[in-house]
1. Report the calculated FRET efficiency for residue 48 and residue 92 (r = Cβ-Cβ distance, R0 = 41 Å), to the nearest 0.05.
2. Starting from the 7 Å offset along Cα-to-Cβ, what nm value, one decimal, do you get for the label separation of residue 82 and residue 32?
3. Arrange the following residues from fewest to most other Cβ atoms within 10 Å of their Cβ: 23, 54.
4. Residue 101 to residue 40: extension gain in nm, 0.36 nm per residue of separation minus the Cα-Cα distance?
5. Taking the Cα centroid of segment 24-38 and of segment 54-104, what is the distance between the two, rounded to the nearest whole Å?
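Derivation of every value follows stated rules applied to the coordinates shown; laboratory data play no part. Every value quoted in this text rests on a predicted model; they were computed, and no experiment measured them. Note that we place each Cβ from the backbone using ideal geometry, even for glycine, and neighbour counts take in every protein chain shown.
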């Protein structure tokens, strides 16, 4: 069996771990899913007008980046962050460090 070659670079120099910069999602547009909607808040319990308003709102938001949504504020096309204790029952599959946004 042959000798292992040291990594490229100077002999004895340790391989450097590349610096990882957290990726920003501010330039991305939101994606919406109703996969985990709870029965107590299901779309089937909405009126036709509420359903239409939901579709319109999701359509408006899907055209914007997260940066634009966050800059718009809670009045208009934006949103605001809610404290976790403002929601009575958060499903267990939502991690503790997840921000909860309210969009009017």
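1. On the way: r = 33 Å, r/R0 = 0.79.
Efficiency computed from Cβ-Cβ geometry: 0.80.
2. Taking the simple label geometry, residue 82 and residue 32 are separated by 1.6 nm.
3. 23, 54
4. On the way: separation 61, 0.36 × 61 = 21.96 nm, distance 1.91 nm.
Roughly 20.0 nm would be gained on extension.
5. So the separation of the two Cα centres works out to 9 Å.
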